[in-house]
Structure formats: structure tokens, C-alpha cells
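J.: Below is a structure I'd like to ask you about.
Throughout, read-outs are computed from the coordinates displayed, never taken from laboratory work. Bear in mind that the values here come from a model prediction, so they are computed numbers and not experimental data. Heads up, the Cβs are rebuilt from the backbone with ideal geometry, glycines too, and the neighbour counts pull from every protein chain shown.
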């Protein structure tokens, strides 16, 4: 046990911070939220691909760098801090899902392009309201020669507009089993419609009208439920680290502002009321950071880690709300006008602590794990 | 970053657990239940001797000072386990006082005090607060004046816990009355049995005993001064950081919550089973999430200490978090148990002999003891984020 980042991880975080500072300015984040924006972010994407971000925890034999989920965690915290566009996250999660769920042949077929950044992906493997709900919303009908036809509608699929492929789960209409497929995002019969969401979050309703999938698009079958839960937990925990990064950025901005802003002839940072709000933000963030890293550590060791995931999300969602809302309070009017940009982090925090489940939903996962422990 | 114990750490934990299984006897439990630590020469004293024989009072000290040379993580795991079992382990003398002697003491200080501390022969009460110097500790007035080969000490200390069991006072005194506040403070070790030391008990709401101690023309050799004269403020602030770290492991919280999960599934006197209530289950889940984080905070602080840094901001966070959590758990317990929770401590009708009835009265202590949480919030803001002092 060594519950602090290694020096390599701290250096990696600093290099990512420099990368984001150069390639992911707030102006880019704002431009992406405009209607009709070009969402390809090609310069940032290229820089991240060169930094190896898309294959951090993917084996070298599949084009990754053979690191661990801990490294992905470091990336997520920096990505949250910099408001990195979620299409990056969607691709990272797609690669992780294929890595966790797929047989070697599928990994060899799909992972090199994703890990190298030449393909983009997204996933629809759990409901956006509650990541523990992994029952498929799509139906898979068997067709000729081991191929399948998918029907149904997946909701709140992130970044489907720029994805090359989508990993989905679907219920086998004959056996009732849960199957997992990799679908070409441009396949005939597949339609995407954007949902207008707070903060311009790029979520889509994806319709499947008899979308054909060949046998090699089948990623997993049979007892995929525990594996799917682990994939969902991975996404929730990494999302919690994004919230930690958001919280850290907001805390830092707020401290800076209170030192600059003078009232009654002194910086407002010198008032104890302000210091105690900052201290509470700091404590909440410390709790969220530790809980998230601990959950990552558990998942990286092959566990489903529902208990740790629940705790990570409960603390991350709580911290993100406290930090962003108290940041608005400490900024006063100047934080409320959009040219200050504070609201961009607040919206990111609200999205991140909703998608997959917030503190209340996560508390129900923890109750579930408490019950399991009692039965043992 | 790694939160799981490695092979060697697991072996250490197993050794500590085996020691506790062998030595936490029914007799020790009975004595602790009836008298806490206040029964001289009994089972607690015997238990302390066994800890001393294992060398565990100096487990994380360097070998040159008679320690075992183990790390802060070892220390933390041991303390956590002792807290879980509810038995006294290494106290502030070894976790807070001794490291300051190693860091700042003269060679004579080290050879005189460290070996007997390691054996458990010297136990210090920590004399910082005074009636007029609590949170504003730098305002302390107890004077030590150099007269020939001795310091002559006059003044009073309050919240001097454990003085009735201590052999010595680790005393913070003003040695230069002309210097302002933080300057002009020194640390002197004073035998409790010195003529002129008078101890008056103060009993707290939880039944906990603390003391007011008066010093009237108490004389000790000049060499009882630790380190350099008038440099004591640096020593005690360092000692306070270590003290907070040592006081704030989550072992007792883990135990309290394990007990509460167990009680929640048993019928109360009116037949109600608390775990059947959705609202109470949700509150238990929140407590569970918080105890887990408190445990992780302890791991983090120990890991930082092992990397050679005193985690001032982190232990402040940990101390605030654990002390407020202890109060929440006590509150949850009494809500969960209803009137059964108010059956008095030590009454045999009470669930767990009234553990939670007492915890409700005991929990307020750590929100202000060891540095008020308000001052610790200032420390987080000022040292963690460079926010300006407001003239404290």
C-alpha cells in the first residue's frame, strides 16, 4: 500500500496539464458547444494520440502502452480539470470495454485503431440514469450464417455523431441471453438524433432499424452480466475522476479569485467565512479523490468493485455539487456572468454527477453490496 | 498509487492481530469496561508491558534510538487495529513527543529520554493549553525562569489529560517574557512527582477524566529543556501535526459501524428491526461510504509520512473528517436504536452496554480537542492554499 501518486504519475499529470493548456483552451470548449460546430477537434485529438492517451491501459500486443487503469485515472482527472471534450472519454471507454469483454480475436481486430487514436468509438451498455441497470434495451434477432439484426433505441449515447463504432448490448430474442456487439456507426438502418442538453453535452438517441451485424461483430455472450457490470463500474469510477478534476480546477480558480478580490480594504480570502468554505471544498475533494483512486485500484485488480464504485460516485457527486455551488457563492456576481467561464465547470459537474447515477443512485449500489456482505 | 496491503504489510497486520487475540483477555476487557484506563497496576498495566516487550512503543523509531525502524504505514496499521479492538496502544508520548525529541533534541535529551520512553517507563502528559491560552496557544503564560542550575516553573495548564497516570509533563513554557507570542516559548520535561506540582481532576460529560495542573516554584535541571531555548513553538506545532495524525485513524469508527450494522439487524425491545427501514439503511450506507474514506485518509497520511514529509494539511483534513463523522455515527446510532439507544452506558439492558449512549457524549471531544476544527480549517485554507492570515 502506498496511497499517493507515484512520481511517474505526477510527471504524467503535469505533462497532460501542459498539453491541455496548449491544445484545449476554454475558447475551444465554448466553440464546441455552438450549434453546427465542427466536433472533430483534430489538433487536440492528434496531440492526445501522440501522448498515448487512447491506449494507456491496453496491452502492447493490441497497440496500447500496457499501463494500468491507474494511469487512465490520472488522465481523467486532468481531462476534467481542462474540460476535455467527452468524445475523448467515449473512445477511451470503448477501448476499455472491448478490452474487458472481448475475445483475443476481437481485441486484435478493433483495439489497435482505437488505442492509436485512428478510430473513435462510443458505448451503450447501461442506462444513463443508473449504471447498475445493464439489462439491454436493444433486441438481437438471429439471422443467416451466425449474423444478427438489431432493433430498438438506445438513449443518451454520448458522442455518437463522431463515432466510427458503437459497442452495444442486446437481448438475444431466442435465448434471452445478453449479447454484446460492435457496430459500425454508419451501418444502414442506424440513425442518430441529438438531444439538446445542458452545457451542450453531445448526447444522442441512436435508433437501430434492423441493423445487420456479422458474426465477427459479436463481442461477448453467455455470462456477460458480471463483466458488463465491471465495464459500467469502470466508466462510473473514471467519470468520478473527471469530477475530481473539475472540482480541483474550480477550487483553484476560486482561491485565486478570493485573493484578487478586495472588499473592506482587504482581500476576501482573508475572511474566515471564505476560508472555511474553501476548507470544506478541499475536504470534500480529498474524500472524492481518495475514494475514486481506491476504486480504480480495485477494478484494475480484476474485481467488479461495486462497493468501491458506489463510494467513489457518492463522494465525487457530493464534492462536485458542493465545490461548484460554493464557488459561485464566493465569486458572487462575477462568477454568474458567462464571460468568467465558471458555469462551464459547474455544468460539467452536474452532467458528470448525473450520468450513470448521482449520489442517491450510488447509495443504492452500496446498500446492495452491504446486503451481499451480510448474506456471506 | 496502491491501496491494498502488500505481502509484508499483510504479515505485519496478521502479527498485530495475533498479539491482540492472545493478549486482549476477558480480564482486560472487564477492567477497561469498568475503569477505562484508571485502574493502577492491573490488566492495562500488564498489557502495556507486553506491548513494550514487543518493542512496539518505538516501532517506527530509527534503530539507533532503540526503535524497530518500521514505517508510518506499520504504525498506522497497528494503531488502527488497537482502536478497532478498543484497547490502549502507543500513546502520544511515543507517537508525538518522542519524534520531536529525535528531531530537535540535544544529544543528551535523546540519550536521557528516548530509551525509557521506548520501554514504556516514561509516559508524558502534554501540557499546552492554559486557562487563557486555548485555541490561541501562543498566548501561554506559564513561566520558566533560569535560576542557577535549574529552571523554576510557575503557572497552570488545563485539559492536561492523563496527568494522573503520567510520569512526566511535556510542558510548553514561556522562557522569554519580552519576546512576542510564538517567540520566547520553550519545551521542558517535568517529572510529575516534583514538589510544587498539583493535579486537580476535571470530569467530562462522557466520564472522561482530564486535569488542571498547577506549577508552584517547580524546579528541574537546566538539561530538561528540549533542544534550544525559545525555539519550542516549532517543536510543538510539529508535534501537534503528528498528534493529529495519531489521533485520527478510523479504527474505532470502523468498529462502531460494524457494531451498528449488527445491531440494526436485531429486534429492538419493541420488536422493530431498524434495518427494515429504508431511511435508516440509506443513512447506514452514507456512514459506510464515509468510514471507507476515513480509512483511506489514514492510509494517505501514513504514505506521505513514509515519503519523509509531515502531512500538515492532510492530517487537518483527516482530523476534521473523522471527528465530524464520529458525531454523525453517534447520532445515527441513537436515531437507529430509538429509546433503547438511551439506555445508559454500563447498564446491562442497554445494547452493547450503552456503547453508543456514551459515544454520543464522547464524540464532541475530538471536534475541538487536538486543535479546534475551525482553526484546522484555517490551516487548510492558509497552508494548503496560501490564503492570508486574518491576524490570528
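J.: Partner chain Cβ atoms within 10 Å, averaged over the residues of B:299-309 - can you pull that number for me?
T.: 3
J.: Mind pulling the angle between the C-alpha long axis of helix B:107-118 and the longest principal axis of chain B? Nearest 10 degrees, somewhere in 0 to 90.
T.: Once rounded, the angle reads 30 degrees.
J.: Summing -39500 (n - 2.57) over the DSSP H runs of n ≥ 4 in chain A and dividing by its residue number, what mean residue ellipticity at 222 nm do you reach, to the nearest 500 deg cm²/dmol? Each step should come with its number before you reach the end.
T.: Working: 12 runs with 198 residues, N = 376.
Value at 222 nm, helices only, nearest 500: -17500 deg cm²/dmol.
J.: Relative to the longest principal axis of chain A, what angle (0 to 90°, nearest 10) does the C-alpha long axis of helix A:272-300 take?
T.: Once rounded, the angle reads 20 degrees.
J.: Let me ask you something else. Residue A:9 versus residue A:38, label points 7 Å from Cα toward the beta carbon: distance in nm?
T.: About 3.8 nm separates the two model spin labels.
J.: Ranked by Cβ crowding within 10 angstrom, fewest neighbours first, how are B:129, A:21, A:42 ordered?
T.: On the way: B:129 20, A:21 11, A:42 8.
Least crowded to most crowded, the residues run A:42, A:21, B:129.
J.: Report, for segment B:112-220, the % of DSSP beta bridges that are antiparallel, rounded to 5. The partial results should precede the final answer.
T.: Values: 27 of 32 bridges.
If I count the DSSP bridges inside segment B:112-220, around 85 percent turn out antiparallel.
J.: Okay, next question. Just to be sure I understand the model, the point goes 7 Å from the Cα along the line to the Cβ. What's the resulting residue A:144 to residue A:364 distance in nm?
T.: 4.5
J.: Considering only B:294, B:163, B:133, give the residue with the highest GNM mean-square fluctuation for chain B, with springs between Cα atoms whenever their separation is below 10 Å.
T.: Greatest mean-square fluctuation among the candidates belongs to B:133.
J.: Next question. For chain B, what does -39500 (n - 2.57) per DSSP helix run (n ≥ 4), summed and divided by total residues, give at 222 nm, in deg cm²/dmol to the nearest 500? Walk me through the numbers before you get to the answer.
T.: Working: 13 runs with 175 residues, N = 392.
Rounded to the nearest 500, the figure is -14500 deg cm²/dmol.
J.: Let me ask you something else. Distance between the C-alpha centers of segment A:303-350 and segment A:223-249? Whole Å please.
T.: So the separation of the two Cα centres works out to 16 Å.
J.: What does the highest-first list of B:169-176, B:344-351 look like by mean Cβ count within 10 Å?
T.: Values: B:169-176: 24.0, B:344-351: 13.8.
The peptides rank, most packed first, as B:169-176, B:344-351.
J.: Considering the alpha-carbon set of the protein assembly as shown alone, what are its Rg and its Dmax in angstrom?
T.: 29.5, 105
J.: Right, here's the next one. Using only Cα atoms and rounding to the nearest 10 degrees, what angle (0 to 90) does helix B:251-264 make with the longest principal axis of chain B?
T.: Approximately 20 degrees, to the nearest ten.
J.: Taking the Cα centre of each part, how many Å lie between segment B:175-228 and segment B:52-112?
T.: Answer, in whole Å: 23.
J.: Between segment A:110-178 and segment A:41-72, what's the alpha-carbon centroid distance in Å?
T.: Using only Cα atoms, the two centres lie 22 Å from each other.
J.: I'd like the FRET efficiency for residue A:174 and residue B:282, computed as 1/(1 + (r/R0)^6) with the beta carbon distance as r and R0 of 51 Å, rounded to 0.05.
T.: 0.80
J.: While we're looking at this one, here's another question. Using the number of other C-beta atoms within 10 angstrom as an exposure proxy, rank B:79, B:366, B:297 with the fewest first.
T.: On the way: B:79 23, B:366 20, B:297 26.
Starting with the residue having the fewest Cβ neighbours, the order is B:366, B:79, B:297.
J.: With labels modelled as points extended 7 Å from the Cα through the Cβ direction, what inter-label distance (nm, one decimal) is found for residue B:347 paired with residue B:266?
T.: In this crude label model, residue B:347 to residue B:266 measures out at 1.6 nm.
J.: Related question: What ranking of B:378, A:155 emerges when the number of other C-beta atoms within 10 Å of each C-beta is taken as an exposure proxy, fewest first? Before the final figure, lay out the partial values.
T.: Working: B:378 21, A:155 14.
Lowest to highest Cβ neighbour count: A:155, B:378.
J.: Rounded if a/c is under 1.5, else prolate if a/b is larger than b/c, else oblate: which is segment B:9-120, with a ≥ b ≥ c the root eigenvalues of its Cα gyration tensor?
T.: oblate
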